[in-house]
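K.L.:
Got a structure for you, questions after.
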There are 2 protein chains.
Amino acid sequence: MVDDVNPRSHILVDDVNLAYDWPVDSTRERLIEAAARLLDEGGPAAVTLREVGRLAGVSHNAPYKHFADKQDLLAAVAARELARQPRQSRQPRSPSSASRRAGGTLAGVPGVDDDAVRSMMRGYIRWATRYPARFKLTFGSWSSASAELGEAASAARSALVRAVEAGQAARTLPDGDPDRLAALLLAVTHGAVDLALSGHLSKSGKGHASPEDLVDDLLRYLRPAG
Amino acid sequence: MVDDVNPRSHILVDDVNLAYDWPVDSTRERLIEAAARLLDEGGPAAVTLREVGRLAGVSHNAPYKHFADKQDLLAAVAARELARQPRQSRQPRSPSSASRRAGGTLAGVPGVDDDAVRSMMRGYIRWATRYPARFKLTFGSWSSASAELGEAASAARSALVRAVEAGQAARTLPDGDPDRLAALLLAVTHGAVDLALSGHLSKSGKGHASPEDLVDDLLRYLRPAG
DNA sequence: ACCTGAACACCGTTCAAGT
DNA sequence: ACCTGAACACCGTTCAAGT
């Protein structure tokens, strides 16, 4: 089982941290973290307010002092995930990707190379693959789309739009409304990873394609002919 | 589709029926129908075995004689949905689409026109939009992917592959592995509709794009230059 | 072979009360 | 302002028993 999380234990971490194991101080944050952890370990069914409270070191109805109800707590988990995801997507991933960038069309500009979009999409796929339950939760049906969740979502969206505009400037993406192109890219990526997670992407044989493959396919089709 | 038909049931219906309101006799079918109906009306939370039993006219634990547990019942709902969906996608939709077909490149061949793929994708979007809860259920996380569900899924997939091959023959889709192209098309469609349902597709302003728009965009980018 | 009613453990939520 | 323990209605599942 999971050990107790004590208040004021570890130090809060930097931007880059993928953050599976942050103990955070305020009760509210600890409740969110506990819910996310239970989600990862046992799926949605494992997230009970009683267990959330136990993990956070409070009683099973203390959450009601911080959230309207269970749904509201889960919305906070989703919003936190959404707020972190673009940062995760943007972080450099390996030395090999850095060396690839040196051959890119915008080699001199740090962080704005010709496959910034591809990197973001890979980050998205990696996040969804690593935390499938959080991914499913984030894009679940929200009856009361909280303002917090909506803002986090549009922030994530505009980060992608900026990457698309960079790709258009570098002539690796076609012209046209960058918002719409970003939506297309997000749709393929999201759809591919969601289908893969639920086993609806033919997993074996000749038809096999990973989400990464499908994103690469799309980027190839999008590449201007010139 | 060769389940036993009991006495005073309605006759099993033709291929075309969208089938929201089929009374069927066997208890097993009635349980599945009741679950689907509750899902539509109140979301996953409304599907309780007690209410399912009440709607089907049996006790609240009669389902255990037909399904291992609640999850197994829900898997049967998903499998039924998956088995119906390709037929729904293939059905003719309006006179206008038939007249459009007359101008297509394969006008003489019934049901294999140049936008068979587009029609299927629109059918998919329409199904998901009309029954969002069934859609979310079907692509939810299945711990024990039942054989029935797997078979239904691959049948749906191969119907799309055939449409893709028709599009390639008509030169409206690029060459290449049709399975992989089908996966790309399904990914965009699925992703777009899933994002739209969860409100993550920018709903207003200049960036607005419907799932249908995004599918059309992709088909345009895929169209061979020749 | 199919179904029922009672029972059990568990859950979300409410509430009066404590600091 | 935040938290607790008891209580309530409800749920999935099991089981002994009925036809």
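The values are calculated or read from the model by the stated rules, or taken from the named source; none is laboratory data. Quick caveat, the model's predicted, so the values are computed rather than measured. Virtual Cβ from ideal backbone geometry, glycine too; neighbours counted across all protein chains shown.
K.L.:
Within the range A:38-57, which residues are in contact (Cβ under 8 Å) with a residue 40 or more places away in the chain, surrounded by fewer than 19 Cβ atoms within 10 Å (Cβ to Cβ) and more than 10 Å from DNA strand C (Cβ to nearest atom)?
P.N.:
A:Asp40, A:Gly43, A:Gly57 - these are the residues of the range A:38-57 that are in contact (Cβ under 8 Å) with a residue 40 or more places away in the chain, surrounded by fewer than 19 Cβ atoms within 10 Å (Cβ to Cβ) and more than 10 Å from DNA strand C (Cβ to nearest atom).
K.L.:
Every residue in the range A:133-164 that is more than 18 Å from B:Leu195 (Cα to Cα) and buried (at least 18 other Cβ atoms within 10 Å of the Cβ), please.
P.N.:
Within the range A:133-164, A:Ala163, A:Val164 meet the criteria.
K.L.:
Looking at (1) over 20 Å from the mean Cα position of the chain (by Cα); (2) modelled with pLDDT of 80 or more; (3) not in a helix (DSSP H, G or I), which one does B:Thr105 not meet, given that it meets all the others?
P.N.:
Status for B:Thr105: all satisfied but (2).
K.L.:
Moving on. Is it fair to say B:Arg100 is at pLDDT below 50, in a helix (DSSP H, G or I) and more than 16 Å from DNA strand D (Cβ to nearest atom)?
P.N.:
So B:Arg100 fits the description; yes.
K.L.:
Which pairs turn up if I take residues in the range A:154-174 that are touching a residue at least 60 places away in the same chain (Cβ under 8 Å) and look for partners that are among the basic types (Lys, Arg) and not in a helix (DSSP H, G or I) with beta carbon separation below 8 Å, at least 6 apart in sequence or on another chain?
P.N.:
Going by the 8 Å Cβ cut-off, the qualifying pairs are A:Thr172/A:Arg223.
K.L.:
Output yes when any residue across the range A:47-60 is more than 14 Å from every other protein chain (Cβ to nearest Cβ) and more than 16 Å from DNA strand D (Cβ to nearest atom), and no when none is.
P.N.:
There is no residue in the range A:47-60 that is more than 14 Å from every other protein chain (Cβ to nearest Cβ) and more than 16 Å from DNA strand D (Cβ to nearest atom).
K.L.:
List pairs: first residue in the range A:58-78 and within 8 Å of DNA strand C (Cβ to nearest atom), second residue modelled with pLDDT under 95 anywhere in the structure, Cβ distance under 6 angstrom, at least six positions apart or on different chains.
P.N.:
That search, which allows pairs on different chains as well, returns nothing.
K.L.:
For the range A:198-226, give me each residue that is facing another protein chain (nearest Cβ under 7 Å), outside any loop (DSSP other than H, G, I, E, B) and within 22 Å of B:Phe139 (Cα to Cα).
P.N.:
A:Leu214
K.L.:
If A:Ala169 passes every condition in (1) closer than 18 Å to B:Asp194 by Cα; (2) surrounded by fewer than 17 Cβ atoms within 10 Å (Cβ to Cβ); (3) not basic (Lys, Arg) but one, which one does it miss?
P.N.:
Unmet for A:Ala169, out of (1) closer than 18 Å to B:Asp194 by Cα; (2) surrounded by fewer than 17 Cβ atoms within 10 Å (Cβ to Cβ); (3) not basic (Lys, Arg): (1).
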